[in-house]
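Okay, structure first, notes after.
The values are calculated or read from the model by the stated rules, or taken from the named source; none is laboratory data. Small disclaimer: the values here were computed from a predicted structure and weren't measured. Because the Cβ atoms are built from the backbone with ideal geometry, glycine has one as well, and the counts that use them run over all protein chains shown. The area values use the complete protein model at the heavy-atom level, side chains included, leaving out ligands, DNA and RNA. Shrake-Rupley method; radii C 1.70, N 1.55, O 1.52, S 1.80 Å.
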Amino acid sequence: MKRFLAVERALRTAAPHELLDAIRAVLIEQYGAEDVELFMADYSLTVLQPVSVLPHTLEPVSVHNSTAGRAFGSQKPYREDERDGRTRLHLPVSVRGDRLGVLSVTLPDADAAQRWESELADVADVLGHEVMVAERDTDVYLQARRKDRLTLAAEMQWQLLPGRACSRPEYELGAQLEPAYAIFGDNFDWSATADHLMLYVTNGMGEGIEASLLTNLAINALRNARRAGLSIADQAALADQAVYAHYRGQSYLSVLMFDFDLTTGRASVVDAGSPQLLRLRDGAVEGVSFDAQLPLGMFEETDYVAQDFHVEPGDRLVFVSDGVHAVASPRGEAYGDAALTRAIHSTRLLPAAEVPRAILRELTGHRGEAVPSDDALIVCLDWHGRPRFD
């Protein structure tokens, strides 16, 4: 316990840009570590980028076929025995289900790794929280996440997002956007209280900066209304007014909005020209549709009406933008419902945080080119329901 408290103290007193130096020094001192490295998941979730100081920079490692990638994918410590007798522990760095990266700690032998694995896993969790706090005051960790340069529109969109995953006993969320380094207007947002989860899935309009500006305006208007305690129907009306006041109907935004009651699984829904929604229940995939209402900002002073919806424990909801559903193959065939159904079935055993990335990999194969010409957004929600204590 004294060792763990020493790590916590070192991280909390370190300058924001010096977290890696601080944890490296304290793990060497307290646990006998011989090497410590921190890797951040890049925006496309394909590689783990090293956090280090030039010119002593390590090579990125693959998320898909590396030992560090195994820890990242499974979200469990992975032990790697080296030829010289040392053991390297790869520890997932996550915050409430949001996968940030991997902390790799080399220890003198397997006995030390076995002795300290659980405690070092807790250290990695503390590091994740400190990295998120530090990102308010330094760009070091955001820079480490990028293997390519972000477009300005993509920079704006990533800063608008709440994270890429979130988990609580009642639900698990995972989401991903493509092209990660050049996204335009697609977006997702969520916020939870003790008894409610609000989720917005946005299908953007336009390209480049204009698309990002439109989405930023709409999402911040929705957040402003949400934080004022308004219902989702009133949130939609306020955002609609804000977008129309600026664009006068020339640009508008499609969004699907949910307010889930975590106790009952009942939800209020506003479908304002929404993205596609598919539900996996008891092994069967089916499309879910709602009464379509006007997109935000299309006309002045639109009134919105919330509908009722219910999720059951075990349900998986998968939201996709038209950049997924309508994307064409080289022969002009749309991805469509049949391919989406197959993809949802094939990923049914994966956790929610892994599903978007897996479906987007299948989409790349269908599209026949690495970089999509339109935004592709996938959000996966696994509903567990509130645990009952008898």
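Here is how the numbers come out for the structure above:
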item: Which numbered condition GLU286 fails, given (1) more than 17 Å from PHE188 (Cβ to Cβ); (2) not in a strand (DSSP E or B); result: (2)
item: Unique match (being crowded, with 24+ Cβ neighbours inside 10 Å, under 22 Å from the mean Cα position of the chain (by Cα) and farther than 22 Å from GLY273 by Cα) among ALA175, ALA180, ALA165; result: ALA165
item: Checking SER231 against (1) touching a residue at least 12 places away in the same chain (Cβ under 8 Å); (2) on the phi > 0 side of the Ramachandran plot; (3) surrounded by fewer than 19 Cβ atoms within 10 Å (Cβ to Cβ), the condition it does not meet; result: (2)
item: Failed item, numbered, when ARG279 is tested on (1) surrounded by 15 or more Cβ atoms within 10 Å (Cβ to Cβ); (2) more than 23 Å from the chain's Cα centre (by Cα); (3) of a type in the set (Lys, Arg); result: (2)
item: Any hit, region 69-80, residues being out of contact with any His (no Cβ under 9 Å at 6 or more places or on another chain), open to solvent by less than 30 Å² (accessible area, probe 1.4 Å) and within 17 Å of ALA353 (Cβ to Cβ); result: no
item: Filter pass, ARG88 being surrounded by fewer than 18 Cβ atoms within 10 Å (Cβ to Cβ), more than 16 Å from LEU45 (Cβ to Cβ) and not hydroxyl-bearing (Ser, Thr, Tyr); result: no
item: Subset of region 282-325 [under 24 Å from the mean Cα position of the chain (by Cα), open to solvent by 50 Å² or more (accessible area, probe 1.4 Å) and over 23 Å from VAL270 (Cβ atoms)]; result: PRO313, GLY314
item: Test: PHE188 is farther than 24 Å from GLY101 by Cβ and surrounded by 17 or more Cβ atoms within 10 Å (Cβ to Cβ); result: no
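A quick yes/no check of all residues on (1) at pLDDT 95 or above; (2) assigned to a loop (DSSP other than H, G, I, E, B); (3) within 21 Å of GLU354 (Cβ to Cβ); (4) aromatic (Phe, Trp, Tyr):
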position	(1), (2), (3), (4)
LEU280	yes, no, yes, no
PHE290	yes, yes, no, yes
MET298	yes, yes, no, no
TYR304	yes, yes, no, yes
ASP308	yes, no, no, no
PRO313	yes, yes, yes, no
GLY323	no, no, yes, no
GLY332	no, yes, no, no
